[in-house]
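The values are calculated or read from the model by the stated rules, or taken from the named source; none is laboratory data. Since the structure is predicted, the reported quantities are computational estimates derived from the model, not experimental observations. Cβ placement follows ideal geometry from the backbone for every residue including glycine, while neighbour counts extend to all protein chains displayed. Note: areas computed on protein heavy atoms with side chains; ligands, DNA, RNA excluded. Shrake-Rupley method; radii C 1.70, N 1.55, O 1.52, S 1.80 Å.
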Amino acid sequence: MHSGLVHSLDFDRDGKTLAHLSIPFSIDRSPYFHVKVPICLIRNGEGPSVLLMAGNHGDEYEGELSLARLIRKLDPALIKGRVTILPMANAPAVMAAKRCSPLDGGNLNRAFPGDPAGTPTSRLAHFLESDLFARHDIVFDLHSGGTSMEHLPTALVERNADPERHQRGVALMKSLGMPYGFVADNGAASPTSMGAARRAGAIGISGEFGGGGTATVDSMAITARAIDNLLLGVGVIEEPVLASSTGVLETRLLSLSRHSQGIYTTRRGWFEPAARLGEHVAAGQLAGWYHDLERLDDAEEALHFAEAGIVISRRLHTMCEAGDCLMQVAEPVSA
Ligand SMILES: [Zn+2]
């Protein structure tokens with residue numbers, strides 16, 4: 001049957017339940033195929049409820065590996081309240097090592113509020129926004145730069161029109177202990193998980209934990225600390241589960257609000273950077289050189305930052321096409 005998304009979960013059951021969300025999707029090799037999205041419910045009585053998700057984009061591994069480990073390590077007897085874990089939310093994208101689902105091209109983080117009669121990605125988005133997110137006080141969605149990008153470790157919230165809930169979100173973001181944090185203004189109809197969490201009545205927090213389609217010692221340590229800090233801060237756990245230390249860095253707030261803070265290509269070329277991730281740069285400073293390997297007589301083009309700030313992301317694939325974002329610079333702002 002082609003209908004929405006099905007499951008047999010009992011959200012009020014204590015203990016640890018590992019199950020699947022199933023999305024019927026008929027394909028050539030399997031007419032009655034279900035897209036299977038793993039989900040873990042861990043509950044111990046009344047208390048705060050936190051949803052942790054990763055694999056919203058398939059090739060962002062810090063969150064996926066950390067939440068897979070958390071499923072194994074989190075003892076229901078040692079928590080208070082409820083932790084729901086979606087370690088690979090867009091499972092087909094995770095299995096294909098891609099940002100978007102190969103089944104329907106769906107980018108889950110642009111698919112909210114979704115459609116119960118739509119593609120698998122759209123049906124998943126609809127279930128998350130209209131059902132699962134609304135069951136939780138907090139939704140924490142872990143991202144990174146993915147295969148094509150490296151990203152400075154940065155926490156993120158979207159602005160909430162309700163000032164009190166907005167302050168709660170910013171406070172939770174700072175509690176992660178990340179070196180940098182953003183407040184994004186994506187509007188009431190934002191197609192992201194953060195927009196969905198807000199519309200569902202939950203506090204959404206997110207972050208970029210690394211990138212490059214890999215996981216490093218440092219990016220995994222920051223991710224483990226952020227997850228533990230969140231669960232400790234809201235009183236779900238009393239001892240860290242993933243991290244060897246839970247020291248909290250002061251979160252420096254950044255602003256990324258104008259397309260002029262990024263450098264975009266307008267033609268095919270090959271980019272050589274002249275600035276590093278995390279570097280403070282001035283307006284007009286050299287960002288790198290754009291080579292044209294098809295026109296070897298032409299000198300490489302010097303590209304410059306239009307705005308001052310801290311380099312927060314860089315495209316990792318050297319070959320580019322028109323429209324690719326090479327680097328982004330964020331502006332430090334006061335709290
Ligand atoms: Zn992502």
Query - Candidate set from the range 54-88 (those that are in contact with a strand residue (DSSP E or B) (Cβ under 7 Å, 6 or more places away or on another chain) and more than 25 Å from residue 192 (Cβ to Cβ)); member that is nearest to the ligand (Cβ to nearest atom) - result: 74
Report task. Scan the range 133-160 residue by residue and report those that are away from the ligand (no atom under 16 Å from the Cβ), outside any loop (DSSP other than H, G, I, E, B) and touching a strand residue (DSSP E or B) at 6+ places or on another chain (Cβ under 7 Å). Result -> 133, 135, 138
Report task. Collect the residues in the range 225-243 that are of a type in the set (Gly, Ala, Ser) and either more than 26 Å from residue 129 (Cα to Cα) or within 16 Å of the ligand (Cβ to nearest atom) (or both), keeping them in residue-number order. Result -> 226, 243
Query raised in the report: If you check residue 216 against the conditions, is it open to solvent by 10 Å² or more (accessible area, probe 1.4 Å), within 16 Å of the ligand (Cβ to nearest atom) and within 18 Å of the chain's Cα centre (by Cα)?
Result: no
Requested in this report: Could you list all residues from the range 7-56 that are of a type in the set (Gly, Ala, Ser) and crowded, with 22+ Cβ neighbours inside 10 Å?
Outcome: 54, 55
Report summary line: When restricted to 288, 235, the only residue more than 19 Å from the chain's Cα centre (by Cα), surrounded by 15 or more Cβ atoms within 10 Å (Cβ to Cβ), at pLDDT 95 or above and on the phi > 0 side of the Ramachandran plot is 288
Query raised in the report: Quick one: is residue 168 open to solvent by 50 Å² or more (accessible area, probe 1.4 Å), touching a strand residue (DSSP E or B) at 6+ places or on another chain (Cβ under 8 Å) and of a type outside the set (Ser, Thr, Tyr)?
Result: yes
Requested in this report: Of all residues in the range 251-275, count the ones that are touching a residue at least 60 places away in the same chain (Cβ under 8 Å) and either part of a loop (DSSP other than H, G, I, E, B) or over 18 Å from residue 309 (Cβ atoms) (or both).
Outcome: 4
Report task. Scan the range 57-88 for residues that are surrounded by fewer than 21 Cβ atoms within 10 Å (Cβ to Cβ) and in a strand (DSSP E or B) and jot them down. Result -> 81
Query raised in the report: Just checking, which of 258, 267 is out of contact with any Gly (no Cβ under 9 Å at 6 or more places or on another chain) and either among the aromatic types (Phe, Trp, Tyr) or at pLDDT 95 or above (or both)?
Result: 267
Query - Any hit, the range 4-11, residues being part of a loop (DSSP other than H, G, I, E, B) and either within 28 Å of residue 149 (Cβ to Cβ) or of a type in the set (Ser, Thr, Tyr) (or both) - result: yes
Report task. Determine whether the range 301-324 contains at least one residue that is surrounded by fewer than 14 Cβ atoms within 10 Å (Cβ to Cβ) and more than 25 Å from residue 212 (Cβ to Cβ). Result -> yes
Requested in this report: Kindly list the number of the only condition in (1) away from the ligand (no atom under 16 Å from the Cβ); (2) surrounded by 18 or more Cβ atoms within 10 Å (Cβ to Cβ); (3) of a type in the set (A, V, I, L, M) that fails for residue 91.
Outcome: (1)
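For every residue, the table says whether it meets (1) within 14 Å of the ligand (Cβ to nearest atom); (2) open to solvent by 20 Å² or more (accessible area, probe 1.4 Å); (3) assigned by TED's automatic domain parsing to the domain that holds residue 209; (4) at pLDDT below 95.
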position: 102; (1), (2), (3), (4): no, yes, yes, no
position: 121; (1), (2), (3), (4): yes, no, yes, no
position: 164; (1), (2), (3), (4): no, yes, yes, no
position: 181; (1), (2), (3), (4): no, no, yes, no
position: 187; (1), (2), (3), (4): no, yes, yes, yes
Report summary line: In the range 108-119, anything on the phi < 0 side of the Ramachandran plot, in a loop (DSSP other than H, G, I, E, B) and either buried (at least 17 other Cβ atoms within 10 Å of the Cβ) or of a type in the set (Val, Ile, Thr) (or both) is listed as 111, 112, 113, 119
